[in-house]
Amino acid sequence: MTTTDRPDVLVRVARADDAPAVVALRARVYPFPVRGVATTRRTIVDPPPGEQLAALVAEVDGEVVGWVSAYRNGRTARGDTGEVSTLHVHPERRGRGIGGALLGRALGHLTALGVRTVRARVLPDSLPFARRRGFDPGREQRYSALDLRPAPPSPVAPTGVRLLRLADVDPGQVYRAEAATVADVPDDVPADTLTYEFWRYDVWDDPGLDHDSSTVAWVDGGVAAYSLVQVDGDRMWSDYTATVPRYRGRGLARLVKQAALHRAAHAGVRIAYTANDEANAPMLAVNTRLGYRAVGSQWSCLRRLD
């Protein structure tokens, strides 16, 4: 446990029963990413293999007012790269040292793991906090939203393309498609490795993944493109949309994303969110054509620990 300069503030390891309060807090501070109670509870009690994740909350008078997780990055072969993820404090509880205490615990955990480079994603109004603590802003990421009322029309697949539910596809096929595409995503910590064990936990077995709305373009007996959907109530998050390199230039990314949005809308989802690096022109163009509008941004910030 950790105390701040205020004796009524306690920083401690998160518990499973903290998940609803963490989700409610996240919706207040980070309204766009969609991660529900089941996904958050799993993060706390059953973290990803190999990441050695620490999940921490800040508590005042029994109320959860802050959250952070820190872990080794499982998508890069560099064992010295870590993440400080979604550090946030309730707006009415700021200025009391809570954010600094959470960050200190997170960095201490990563240092003990041998991490030397830390990445944190930071909202614009928190950049001064990050800079004061040695983080340098690099890449900007755009949050976008789409109202699904009315539902987008169901797209017509071209000849030779079948639109399948994720539930109807073998997970190994989807894993191979992601492994073939993930290194192409603009990032200041590029993904250069993706084991099936980690992917299975991180993607396929996530409790929030909607296997019925998520859509695959099936071409020549395999996955050519796909769009994954995370759902929490009437909100969804486009978790990842990609096209295998040899099938690019055929409009498949837009096709699968529109189909996924259509299916999610008919299942009761009312608002869709997504995020893209500002340098990812192809996906930004897809989202613009689908009707997404920019609603916010965040910055990827790096810090060296040695």
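Observations on the structure shown:
- Scanning the chain for long hydrophobic helices, with DSSP H runs required to stretch 18 angstrom or more by C-alpha along their axis and to average at least 0.5 on the Kyte-Doolittle scale, returns 98-112.
- Nonlocal amide H pairs with Gly296, under 5 Å, H built at 1.01 Å: Tyr143
- Sequence-distant residues sharing a close amide H with His88 (under 5 Å, placed H): Trp67
- Charges were assigned to the Cβ only: +1 to each Lys and Arg, -1 to each Asp and Glu. The resulting dipole of the chain about its Cα centre is roughly 640 debye.
- Length gained on full extension, Arg289 to Arg78: 72.3 nm, using 0.36 nm per residue less the C-alpha separation.
- Normalised by the number of residues in segment 215-263, the average gap of Cα pairs under 8 Å and 6 or more apart makes the relative contact order 37 percent.
- From the alpha carbon centroid of segment 132-150 to that of segment 236-306 is 12 Å.
- From the coordinates shown, volume of the Cα convex hull per residue in Å³ corresponds to which of [x] 182; [y] 159; [z] 124: [z]
- Gyration tensor verdict on segment 145-299 (Cα atoms; rounded if a/c is under 1.5, prolate if a/b is larger than b/c, oblate otherwise): rounded
Coordinate-derived values only; no laboratory data. Computed from a prediction, not measured in an experiment: that's the story for all the values here. No Cβ is skipped: glycine too gets one built from the backbone with ideal geometry, and neighbour counts run over all protein chains shown.
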